[in-house]
Amino acid sequence: MTRTAALLCASVIFLGVSPSASAQKAGPRIYISVDMEGIWGVVHGDQVSATSPEYGAARRWMAEDVNAVVAGLLEAGAGEIVVNDSHGSMRNIVADALNPKVSLISGSPKPLSMMQGIDGTYDAVVFVGYHARAGTAAGILDHTISSTTIRSIKVNGQELPELGLNAAIAGYFNVPVIMLTGDTTTCGQAKALLGDGLVTAAVKEAIGRAAARLFPAEQARARLKEAAREALGKRQSFQPFRLAGPYTVDVEFHNTAQAELPLLLPGVKRTGARSVSLSGTDYIETFKLLRAVIALAGVS
Ligand SMILES: [Zn+2]
């Protein structure tokens, strides 16, 4: 190999690194967690199930909702944007359907699941396509992490939706959630928990668990873009959502069998016929234990 070739290699490596480094300097780093139940067009479980013929359309809508948010974030000066596919198999978004300026985290399992990859280097978090917690009336496909096993999850006595459990992961790293999209019910639930200043963009109004009035697509996507621009523009006004430790997590399942196998895990106690509790001092470690509890409940 000649000296010229070596120099060429060096310059190629430099070119490969520089866009990401300059993007970080160019603007705030944004982390997007995208679920599917709160995406425009989705009203029924069949649409978010990979084995259904209706799934193909929903995964396209998912990318379109994200792209509208990304467009608003970029207009507001975002630097690097990372999107974490957070529903089911977590392989819903067809990679080349996304804005080519963003990174996509795809696939499952991931240690932090819907929040995989978040850390203190991010400036803001956006939740796209989120849904209401289990037991919410008129919330499209309301559930908390697992619709087949979980009836409720309480952290230190407070019942939390997925959006709360995940916001607390971001909060652990001191990163605020600045925006959420979903149905109107979920938007209200998010504001009640994370604060009135949270920017929300509703894409539909739930009539029941599996019926909604969809807002006109053009209007919904324009609202997603505008909300993203607004949220990032005032990002300095948001506080991270932090839950004070130590943590006691009470989990209620749908049936008694689901409370049995989680007891194999150290420190998990039965608190009722269909409920267990777990505890921890570090939120991330406690969250991981919660995930193991839910996984074992699912094989009962
Ligand atoms: Zn989901």
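Any read-out appearing in this document is the output of simple, stated calculations on the displayed coordinates, not a laboratory observation. This is a predicted model, so every value here is computed, not measured. Please note: Cβ atoms are built from the backbone with ideal geometry, for glycine as well, and neighbour counts cover all protein chains shown.
Pull out a ≥ b ≥ c, the square roots of the eigenvalues of the alpha-carbon gyration tensor of the stretch 150-261, then state rounded if a/c is under 1.5, prolate if not and a/b is larger than b/c, and oblate in the remaining case.
Because a/c hits 1.5 or more and a/b fails to exceed b/c, the stretch 150-261 counts as oblate.
With springs only between Cα atoms under 10 Å, which of Ala78, Ala192, Ala227 fluctuates most in a Gaussian network model of the chain?
Highest fluctuation of the listed residues: Ala192.
Pairs to check: Lys110/Lys269; Lys191/Lys288; Lys225/Lys288; Lys204/Lys269; Lys154/Lys204. Give those whose C-alpha atoms are more than 31 Å from each other in this structure.
With Cα atoms farther than 31 Å apart: Lys225/Lys288; Lys204/Lys269.
Rg and Dmax of the stretch 244-300, using alpha carbons, in Å: what are they?
Taking only Cα atoms of the stretch 244-300, I get Rg and Dmax of 10.5, 32 Å.
Could you tell me the calculated FRET efficiency between Arg242 and Ala97, based on Cβ-Cβ distance and R0 = 30 angstrom, to the nearest 0.05?
0.30
Asp46 to Ile207: extension gain in nm, 0.36 nm per residue of separation minus the Cα-Cα distance?
56.2 nm
Among DSSP bridges having both ends in the chain, what percentage is antiparallel? Round to the nearest 5.
In the chain, approximately 45 percent of DSSP beta bridges are antiparallel ones.
Using Stokes-Einstein with the Kirkwood hydrodynamic radius over Cα pairs, what translational diffusion coefficient do you get for the stretch 18-129 at 10 °C and a viscosity of 1.306 mPa s, in µm²/s rounded to a whole number?
111 µm²/s
Students often forget the sequence filter, so: which aspartates and glutamates lie under 16 Å Cα-Cα from Lys234 once same-chain residues fewer than 8 apart are removed?
Filter leaves Glu75, Asp123, Asp196, Glu226.
Return the whole-Å distance between the Cα centroid of the stretch 242-300 and the Cα centroid of the stretch 91-170.
Measuring centre to centre over Cα atoms gives 18 Å.
Mind pulling up the Rg/Rh value for the chain? Radius of gyration and Kirkwood radius, both on Cα.
1.01
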